[in-house]
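Worksheet for the structure shown next.
No value in this document is a laboratory result; all are computed from the given coordinates. These numbers were taken from a predicted model, which means no experiment stands behind them. Here the Cβ positions follow ideal geometry from the backbone for every residue, glycine too, while neighbour counts run over all protein chains shown.
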Amino acid sequence: MHEGSRRERRERRRREAEMLRRLEELDRVDAALGLGALPYGVPAGSRRPPPRRRWVTVLMGSSVLVLLMGVVVALAPQAAPLRDLLGLQRYGERPTYVAGEGTYAFLATQPGSDAPVGYDPCRTVEVLVNPEGAPRDHRDLVDTALARVGAATGLDLRVVGETDDRDTDRIDDAGVPQPVLVLWADEDEQPDLGGAP
């Protein structure tokens with residue numbers, strides 16, 4: 001019985017020594033990392049903020065990023081294709097509006113409505129010229145007319161070449177509009193040019 005208690009005392013001393021060794025190790029970790037630190041090398045104060053603060057940070061960061069991207073798209077010359085794709089690119093200056101009196105009528109309207117036929121001011125309007133029957137200075141006349149119409153409407157009108165085409169129906173079989181055609185004609189070709197009887 002005496003021997004059993006000796007063994008128990010030895011076992012107790014061994015457990016006490018092991019416990020003291022572990023407590024000393026814990027004290028070293030606390031001293032190195034701060035009281036109450038995790039024992040696996042996580043520095044004090046490096047815990048993640050509460051989820052609410054994290055969402056506010058993400059939201060603010062995303063807002064700033066979107067704002068910066070908007071500024072780049074709006075101002076950078078290299079972003080012109082993107083502005084064009086988004087429909088934000090204007091090709092001409094907006095004409096000034098002058099109020100006046102009088103009446104008007106549209107020469108061409110959309111099928112089945114009184115809405116006028118128009119061109120997209122964000123796209124270049126291509127123009128072909130048929131010089132048959134034209135005066136010698138026809139190119140100057142066309143350039144001047146296109147500049148005036150462009151200034152009045154804000155459209156970007158550009159001559160893309162000459163043609164011998166005289167067909168004024170400018171929609172092909174697939175329904176795709178062709179370049180605008182400028183040509184010279186007389187009342188033999190276009191009876192409406194002869195005036196009213």
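What the Cα convex hull of the range 49-197 gives, in volume per residue, is 251 Å³.
Under the shape rule built on the C-alpha gyration tensor, where the axes satisfy a ≥ b ≥ c, the range 124-190 is oblate, since a/c reaches at least 1.5 while a/b does not exceed b/c. Taking amide H as placed 1.01 Å from N in the peptide plane, Val182 has its amide H under 5 Å from the amide H of Leu128, Val129, Asn130, each at least 5 places away in sequence or on another chain. For Leu157, the residues whose amide H sits under 5 Å from its own are Val125, ignoring neighbours fewer than 5 places away on the same chain, with H placed 1.01 Å from N.
Couplings 3J(HN,Hα) of the range 170-184, computed from phi: 9, 10, 7, 4, 8, x, 8, x, 9, x, 4, 10, 10, 8, 10 Hz, in residue order, whole Hz [Karplus 6.51 cos²θ - 1.76 cosθ + 1.60, θ = phi - 60°; x for Gly and Pro]. Sequentially through the range 139-146, phi angles give Karplus couplings (6.51, -1.76, 1.60; θ = phi - 60°) of 5, 5, 4, 5, 4, 5, 5, 5 Hz, Gly and Pro residues having no value and appearing as x. Of the trypsin sites (Lys or Arg not before Pro) in the range 93-139, the ones in a loop by DSSP (not H, G, I, E or B) with at most 15 other beta carbons within 10 Å are Arg123, Arg136. Sparse packing (at most 10 other Cβ atoms within 10 Å of the Cβ) combined with a DSSP loop state is found for the following chymotrypsin sites (Phe, Trp or Tyr not before Pro) in the range 88-183: Tyr97, Tyr104.
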